[in-house]
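What follows is one structure encoded as structure tokens, with my remarks underneath.
Laboratory data are not the source of any read-out in this text; all were calculated from the coordinates shown. Since the structure is predicted, the reported quantities are computational estimates derived from the model, not experimental observations. Here Cβ is always computed from backbone atoms with ideal geometry, including for glycine, and neighbour counts include all displayed protein chains.
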Amino acid sequence: MFIGNSVKDDDLALTAQETVNWYIESQKEGARNSKALIGAQGTSEWTTVGTGAIRAILNHNETFYVVSGISLYRVASDKTVTLLGTFDESNQPYISANLTQVIVVNGVSGYVWDEVTELFTKINDVAFYPSSTVCYQDGYLIFGREGTGQFFVSAIDDALTYNALDFDEATLRGDIIQAVVSDTRNVWLFGTRTIEPWTNSGQTTGVPFTPLKGAASLRGTAAGRSVVSSQLGIFFLGDDHNVYWLNGYTPKNISTDAQAKELTGYADLSDAYGFMMNIDGHWFYVLTLPTQKRTFVYDPDEDAWHNRESYGLGYWRASCYESIFGINIVGDTESNKLGKLDRSVYQEYGGHWVARRVSGVFAAKNKLVSANRLELTFPSGQVPQNITHQARLRWSDNKGLTYGNPMIKTIGTAGAGNQRLVWWSMGSFRQRTYELSISTPANRDLIDEDFLYEIGGL
């Protein structure tokens, strides 16, 4: 009932299920339960960089690069911040690198930080074109030419040098390129309606890449910044507003029916952005829709979705992710902060980090149901001193449209064993939805549940 997926439907009579700042995790054989609901990692401030929102970050050769506002910075492990250069434009940046150079493009210009010469340079080669997407493979930086189906490449391991003949074009439908990514030894051209994998064939004139025959797809992307390459494959928001996982050459639709209904109801998702994060060996694809103020998170291991929300915002304020210096770091859309994700932190930058789970609609073919006893088990022993750790339970008997007053239980104290919370005699209903929420800053993992009820007459 509470340990479940986030599949909220617009029609709450179908399903009101929602999982926010919690995620499902399968437990090993012999555990108390086969699955648990794990509290999403909180965020503490690691340091601040520049004066603007954090717009892109990159771990390159274990050196940490950060775009704050319109400037590029280097941040050391001791949190020393060094300004490397400032851009002429305020457009959304995209950051990548070759062996020794970091490059930032923004749809208008390109900028290069050279780690050897330690020079910051705006690209002025006449054969460099505006681009908002770039990747690296086999010594080449590969760019999508803004507003066209063309892509072009740099000289080998030289982000400042270009040849006017070193370009080619997506061939399937003359599509406009939204993103280029390197994955499985292929360069993938994501257009508005198509996807084309190209491979390095070693040709010596023009670009060295040629289309991989028979592997293109009539599926594009609605948002170039949603396209993310990872060890598990490529994840992206499709042109039909469903979410896809490309592991091989055929995109797999991973949206739930309820999620697809919501996403396809939005007219424009072009500003959506995504990133992959790895927490304790657990991969997540994070997709944020800033205009719609929604963040969806997909767990490939569990084939399950949950939502993340920053308090009062509706969406998660994390803008980007990197693992470096042995910690997991996210950028912040709301400030110049770099945040550290931590399982032992149950707040976000010192503020509320609310976990919420709405159950499915519980009914017995319109028969009367008596709710006798609900028991939820949480691990205690991780409650900070002087914290009253509480869970709030309330329910709705009208499809989740309105809820009654919450019934609050305390989740134990520091040093205690597993804590069982029991709610007794919750009345009768013909259909009911429960909502569980926890906002107090302590462990909120839900490791077991037991619901006792009786089905009566008509």
Inset, instruction - Determine, from the Cβ-Cβ distance of S344 and D138 and an R0 of 30 Å, the FRET efficiency 1/(1 + (r/R0)^6), rounded to the nearest 0.05. - result: 0.10
Legend entry - Net charge of Cβ neighbours under 14 Å - reference D299; Lys, Arg +1; Asp, Glu -1: -3
Legend entry - FRET efficiency estimate (nearest 0.05) - Cβ-Cβ, Q27 to E118, R0 51 angstrom: 0.55
Legend entry - Of K79/K337; K35/K367; K367/K409, those spanning more than 22 Å from alpha-carbon to alpha-carbon: K35/K367; K367/K409
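How many percent of DSSP beta bridges within the stretch 48-202 run antiparallel, rounded to 5?
On the way: 52 of 52 bridges.
Rounded to the nearest five, the antiparallel share is 100 percent.
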Legend entry - Radius of gyration and Dmax over the Cα atoms of the stretch 239-352, both given in Å: 14.7, 44
Inset, instruction - Mind ranking 131-141, 340-350 by how tightly packed they are, going by the mean number of other C-beta atoms within 10 angstrom, highest first? - result: 131-141, 340-350
Inset, instruction - For the stretch 36-128, state what percent of all Cα-Cα pairs lands in each successive 10 Å bin, counting from 0 Å until the bin that includes the largest distance. - result: 15, 47, 25, 9, 3, 0
Inset, instruction - Two decimals is fine: what is log10 I(q)/I(0) at q = 0.22, 0.23 Å⁻¹ for the stretch 224-303, from a Debye sum with one equal scatterer on every Cα and no solvent? - result: -1.05, -1.14
Legend entry - Cβ-defined net charge surrounding L269, 12 Å radius [Lys, Arg +1; Asp, Glu -1]: -3
Inset, instruction - Wrap a convex hull around the Cα atoms of the stretch 149-238, take a quarter of its surface area, and give that in square nanometres. - result: 6.1 nm²
Inset, instruction - Treat each spin label as a single point 7 Å out from the Cα along the C-beta direction, and report the N61 to T264 distance in nm. - result: 4.8 nm
Inset, instruction - For every helix of n ≥ 4 consecutive DSSP H residues, a contribution of -39,500 (n - 2.57) applies; sum these over the chain, divide by its total residues, and give [θ] at 222 nm rounded to the nearest 500 deg cm²/dmol. - result: -500 deg cm²/dmol
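Expressed as a whole percent, how much of the Cα-Cα distance distribution for the stretch 282-409 exceeds 20 Å? Could the numbers behind the result be given before it?
Values: 4951 of 8128 pairs.
Roughly 61 percent, once rounded to a whole number.
Around L376, under 9 Å between beta carbons, what's the net of Lys plus Arg minus Asp minus Glu among the other residues? Display every interim value, and only then the final one.
Working: positive: K409, R420; negative: E375, D448, E449, D450.
Value of the local net charge: -2.
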Inset, instruction - Could I have the simple spin-label model distance between L401 and T80, label points 7 Å from Cα toward Cβ, reported in nm to one decimal? - result: 6.4 nm
Inset, instruction - Obtain the nm distance between the two label points defined at L313 and Q431 by a simple spin-label model: each point lies 7 Å from its Cα along the Cα-to-C-beta direction. - result: 3.5 nm
Inset, instruction - Would you mind putting 148-157, 236-245 in packing order, based on average other-beta-carbon counts within 10 Å, highest first? - result: 236-245, 148-157
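I'd like the per residue volume of the convex hull spanned by the Cα atoms of the chain, given in cubic angstrom.
Values: hull volume 72.5 nm³, N = 458.
Considering the Cα atoms of the chain, their hull volume per residue is 158 Å³.
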